[in-house]
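The values are calculated or read from the model by the stated rules, or taken from the named source; none is laboratory data. Everything quoted here is computed from the prediction, not taken from an experiment. Note: ideal-geometry Cβ built from the backbone for every residue, glycine included; neighbour counts use all protein chains shown. These accessible areas exclude ligands, DNA and RNA; they are computed on the full protein's heavy atoms, side chains included. Shrake-Rupley method; radii C 1.70, N 1.55, O 1.52, S 1.80 Å.
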Amino acid sequence: MTEIDHLALAHREGLPDALRILLQDYPRETWQAHPNFGGLVAFWLDRHLMFRRLDAMLTDAVQQALDRNNDPQNFARNLSRFGGMLLEQLHGHHMIEDQHYFPLLVQKEPKLERGFDILDRDHHALDPLLTDFATAANGAITGALAGKGPDAIAPLEREMARLSRLLDRHLQDEEELVVPVILKFGPSGLDG
């Protein structure tokens, strides 16, 4: 396996230690007590928490539908609402990161440029998964409303499992790269 494959979102189990160097000075358990935690860092982590909660909510809804423990109309309505929210918010979040924050963070910590390139590649790797999720969700909605039951929802369960695993890996790696830089320089240090 080449180094590029090793660092691809689908294959890695974390960022290399060389890219987590600031995490030694700013360990996760100290973030909330840091004077630069409020504002941007808290907002960033809240967005990630929202993505994780939406993912968990959707995963639970899919399992409930597979077990026939919820009303198909309610399932379809909630999947449409919360699945759409997850897709829309992730796309917007990634666009802002790629176009605005990642370039600023690289200016502050050029030695971490490779890490931000990896995160940018993650966004591109997640795009087809989000498309597959949307396709499977639409099929599950149509199938649930047509009374097709678990057979129509099973493809969504597979897509949710794939997306959940890779999204969590990406969010954790992003937090471990981004948050220490912002804590080091402060949000006002990102003015360019």
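Among (1) within 15 Å of the chain's Cα centre (by Cα); (2) open to solvent by less than 10 Å² (accessible area, probe 1.4 Å); (3) of a type outside the set (A, V, I, L, M, F, W, C), which single condition is D168 missing?
The number of the failed condition is (2).
Here is a yes/no grid of residues against (1) surrounded by 12 or more Cβ atoms within 10 Å (Cβ to Cβ); (2) of a type in the set (A, V, I, L, M, F, W, C):
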position: L19; (1), (2): yes, yes
position: Q24; (1), (2): no, no
position: P27; (1), (2): no, no
position: P35; (1), (2): no, no
position: M50; (1), (2): yes, yes
position: R53; (1), (2): yes, no
position: A61; (1), (2): yes, yes
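Using the structure shown, decide if M95 is among the hydrophobic types (A, V, I, L, M, F, W, C), open to solvent by 70 Å² or more (accessible area, probe 1.4 Å) and either out of contact with any Lys or Arg (no Cβ under 7 Å at 6 or more places or on another chain) or in a helix (DSSP H, G or I) (or both).
yes
Would you check if T131 is out of contact with any helix residue (DSSP H, G or I) (no Cβ under 8 Å at 6 or more places or on another chain), surrounded by fewer than 15 Cβ atoms within 10 Å (Cβ to Cβ) and not acidic (D, E)?
Answer is yes for this residue.
Condition first: in contact with a Lys or Arg (Cβ under 8 Å, 6 or more places away or on another chain) and either open to solvent by 80 Å² or more (accessible area, probe 1.4 Å) or modelled with pLDDT of 95 or more (or both). Can you find one or more residues in the stretch 78-91 that meet it?
Yes: the stretch 78-91 contains one or more residues that are in contact with a Lys or Arg (Cβ under 8 Å, 6 or more places away or on another chain) and either open to solvent by 80 Å² or more (accessible area, probe 1.4 Å) or modelled with pLDDT of 95 or more (or both).
Using beta carbons and a limit of 9 Å, which pairs, at least six apart or on different chains, have the first residue in the stretch 98-123 and among the charged types (D, E, K, R) and the second one open to solvent by 30 Å² or more (accessible area, probe 1.4 Å) and not in a helix (DSSP H, G or I)?
The qualifying pairs are R114/P16; R121/A8; D122/A8.
Taking the stretch 115-160, which residues are over 30 Å from D71 (Cα atoms) and outside any helix (DSSP H, G or I)?
Of everything in the stretch 115-160, nothing turns out to be over 30 Å from D71 (Cα atoms) and outside any helix (DSSP H, G or I).
E13 versus (1) on the phi > 0 side of the Ramachandran plot; (2) under 18 Å from the mean Cα position of the chain (by Cα); (3) open to solvent by 80 Å² or more (accessible area, probe 1.4 Å); (4) not hydroxyl-bearing (S, T, Y): which is the lone unmet condition?
(1)
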